[in-house]
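Working notes, structure below.
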Amino acid sequence: MAKVLSSHHAVYVGSFDPLTLGHVDIIQRGAAIFDRITVGVGINPDKHPLFTPEERLSLATKVLSPLKNVEIRCFEGLTVEFIQQCGARVLLRGVRTLSDIETEFTMTLANRALDPEIDTLFLMASEKYTHVSSTLIKQIAQLAQGNAIGKLDEFVPPEVIEPLLKKYKR
Ligand code: ADP
């Protein structure tokens, strides 16, 4: 049977270790464009994330609960195969800087070679989040000595702050 992929349904994948306000901004923009967004929390056996897949899923579910057309799932393996399983046709990616584009370009071509029916759509988050990454947030949570910890709420949703600080016993 021929596969039926919906162009009204987009998939947004990442490690979300942890979910940042940059990710949330992209998901909100996607949810305003598409009928349905599936957020795929990637399980990569080669990475050593701070949060378990269950914790990342649970935090994302809590934060994104007001967005009624967004569902969150964990997945393992290739992104294109996850998109196929979801029955979607569009992969949503967020871009921060020109250097993001370079890696995204290669990844998009590789994904297209694997499934030419799947297209990638790039969205830019608000300029407030250009410098925000999960890596930066983990560094702040781990290393900050002064009032930088109090700035975490500019980078991550409120639900993420306590679990994040707990990981570093702060
Ligand atoms: P990974 O760990 O797989 O690199 P990330 O969780 O870092 O994934 O990012 C998932 C997606 O979100 C990617 O498309 C990435 O470019 C995008 N993204 C991450 N942070 C931001 C941000 N601050 N603004 C816009 N897009 C972002």
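Only one of 101, 137, 149 is under 17 Å from the mean Cα position of the chain (by Cα), surrounded by 15 or more Cβ atoms within 10 Å (Cβ to Cβ) and either at negative phi or in a helix (DSSP H, G or I) (or both). Can you tell me which?
137
Just name the residue that is farthest from residue 158 (Cα to Cα) out of those in the stretch 1-13 that are open to solvent by 20 Å² or more (accessible area, probe 1.4 Å) and not hydrophobic (A, V, I, L, M, F, W, C).
3
Working carefully through the options 117, 162, 81, find the one that is more than 16 Å from the chain's Cα centre (by Cα), touching a residue at least 60 places away in the same chain (Cβ under 8 Å) and surrounded by fewer than 18 Cβ atoms within 10 Å (Cβ to Cβ). Before the answer, list the steps.
Working: 162 fails: touching a residue at least 60 places away in the same chain (Cβ under 8 Å); 81 fails: touching a residue at least 60 places away in the same chain (Cβ under 8 Å).
Result: 117 is the single residue among 117, 162, 81 that is more than 16 Å from the chain's Cα centre (by Cα), touching a residue at least 60 places away in the same chain (Cβ under 8 Å) and surrounded by fewer than 18 Cβ atoms within 10 Å (Cβ to Cβ).
Restricting to the stretch 14-62, name every residue that is in contact with a strand residue (DSSP E or B) (Cβ under 8 Å, 6 or more places away or on another chain), open to solvent by 20 Å² or more (accessible area, probe 1.4 Å), small (Gly, Ala, Ser) and more than 12 Å from the ligand (Cβ to nearest atom).
Correct list: empty.
Sort through 88, 110 and tell me the only one that's farther than 17 Å from residue 28 by Cβ, free of Cβ contacts under 8 Å to residues at least 40 places away in the same chain, small (Gly, Ala, Ser) and surrounded by 11 or more Cβ atoms within 10 Å (Cβ to Cβ).
Answer to the check: 110.
Among (1) at pLDDT below 95; (2) out of contact with any Asp or Glu (no Cβ under 7 Å at 6 or more places or on another chain); (3) away from the ligand (no atom under 13 Å from the Cβ), where does residue 5 come up short?
(2)
Name every residue in the stretch 120-129 that is near the ligand (Cβ under 9 Å from one of its atoms) and surrounded by 14 or more Cβ atoms within 10 Å (Cβ to Cβ), in order of residue number.
Within the stretch 120-129, 122, 123, 124, 125, 129 qualify.
The values are calculated or read from the model by the stated rules, or taken from the named source; none is laboratory data. Here the structure is a predicted model, which means the values were calculated and not measured. Because the Cβ atoms are built from the backbone with ideal geometry, glycine has one as well, and the counts that use them run over all protein chains shown. Side chains are part of the model used for accessible areas, which takes the heavy atoms of the whole protein and leaves out ligands, DNA and RNA. Shrake-Rupley method; radii C 1.70, N 1.55, O 1.52, S 1.80 Å.
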